[in-house]
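Structure record follows, encoded as structure tokens.
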Amino acid sequence: DAGVIQSPRHEVTEMGQEVTLRCKPISGHNSLFWYRQTMMRGLELLIYFNNNVPIDDSGMPEDRFSAKMPNASFSTLKIQPSEPRDSAVYFCASSFRAVTDTQYFGPGTRLTVL
Amino acid sequence: DQQVKQNSPSLSVQEGRISILNCDYTNSMFDYFLWYKKYPAEGPTFLISISSIKDKNEDGRFTVFLNKSAKHLSLHIVPSQPGDSAVYFCAAATGSQGNLIFGKGTKLSVKP
């Protein structure tokens, strides 16, 4: 398996624009996680899905952020409208079942909002 | 308030010596702890874990120690190698369905 795939790897956009980050989890994994890494806050869980259903989205910063998982092999994280403070590295991870099963991370998307 | 704290942002160690990375937590409900390693421009990768029923778990050069009374865990790398140079994240969870809470990471540099 190719591992968790994220696209794009880098995204530079202007404030107010919509940004969509994409993730393909490892085949057979039932849980998918979106994390954000910043210098100030470290690695934070934004939302996680189990069997395509959002289980906990308490980490989503505000209504500008939304995540979907239409099927077991694809998820998106959307920011609309984007703001400079959203600049960070966004990671997607997947695991076989539970949160504490080994999570396999993608390479991340580095987002810069100007 | 951070529930998982890694108070040392960086650590430098000579090759062949022991590296000790520390992690403190505040939530006594945490019962599962993990260490992840991260190289630049890559996602974190799982390294080793320990559940609260144990106080030590060993995997090759890596050993994690858990002191529940002190709410403290540490990762020992012996002997340290230059390839171990990376950022190490400590993480904790409550049960199998609890969220993973990560520390901010410690950057380890192992010098030849």
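The values are calculated or read from the model by the stated rules, or taken from the named source; none is laboratory data. If you're wondering where the values come from, they're calculated on a predicted model, not measured in any experiment. All Cβ positions, glycine included, derive from the backbone under ideal geometry; neighbour counts span all protein chains shown. Ligands, DNA and RNA are excluded from the accessible area calculation, which covers all protein heavy atoms including side chains. Shrake-Rupley method; radii C 1.70, N 1.55, O 1.52, S 1.80 Å.
Projecting the Cα atoms of B:Gly103, A:Cys23, A:Asn50 onto the charge dipole of the protein assembly as shown, computed from C-beta unit charges around the Cα centre, puts B:Gly103 farthest toward the positive end.
Approximating the spin labels as points 7 Å out from Cα along Cα→Cβ, the A:Asn71-to-A:Arg9 distance works out to 2.7 nm.
Rounded to a whole number, what % of the accessible area of segment B:37-112 do carbon and sulfur atoms account for, probe 1.4 Å?
54
Per-residue mean of foreign Cβ neighbours for B:40-46 is 6 (Cβ atoms of other chains, 10 Å radius). Where q = 0.12, 0.15, 0.21, 0.24 Å⁻¹, what log10 of I(q)/I(0) comes from the Debye formula for segment B:1-96, counting one point per Cα? The Cα Debye sum returns log10 ratios of -0.36, -0.57, -1.09, -1.37.
Karplus-based coupling profile of segment B:66-71, in residue order and whole Hz: 10, 10, 5, 5, 8, 6, with θ = phi - 60° in 6.51 cos²θ - 1.76 cosθ + 1.60 and x standing for Gly or Pro.
Shape descriptor for segment B:43-112: Rg over Rh equals 0.97 (Cα atoms; Rh from the Kirkwood inverse mean 1/r). Note on A:82-94: average number of Cβ atoms from other chains within 10 Å of each residue's Cβ is 1. Dividing the mean sequence gap of close Cα pairs (under 8 Å, 6+ apart) by how many residues chain B holds gives a relative contact order of 37 percent.
Per residue, the Cα convex hull of the protein assembly as shown amounts to 123 Å³. Summed over both chains, the area buried between B and A is near 1600 Å², taken from the accessible surface of protein heavy atoms with a 1.4 Å probe. Charge dipole (Cα centre; +1 on Lys/Arg Cβ, -1 on Asp/Glu Cβ; no other charges) of the protein assembly as shown amounts to roughly 420 debye. Summing +1 for each Lys or Arg and -1 for each Asp or Glu among the other residues whose beta-carbon sits under 13 angstrom from that of B:Thr94 gives -2.
Here the 3J(HN,Hα) profile of segment A:35-44, calculated from phi with Karplus coefficients 6.51, -1.76 and 1.60 at θ = phi - 60°, is 10, 10, 10, 10, 4, 6, 10, x, 9, 10 Hz, Gly and Pro shown as x.
The equivalent ellipsoid that matches the C-alpha gyration tensor of chain A spans semi-axes of 22, 14, 13 angstrom, in descending order.
Our estimate of slack between B:Thr45 and B:Thr26, defined as 0.36 nm per intervening residue step minus the Cα-Cα distance, is 4.4 nm.
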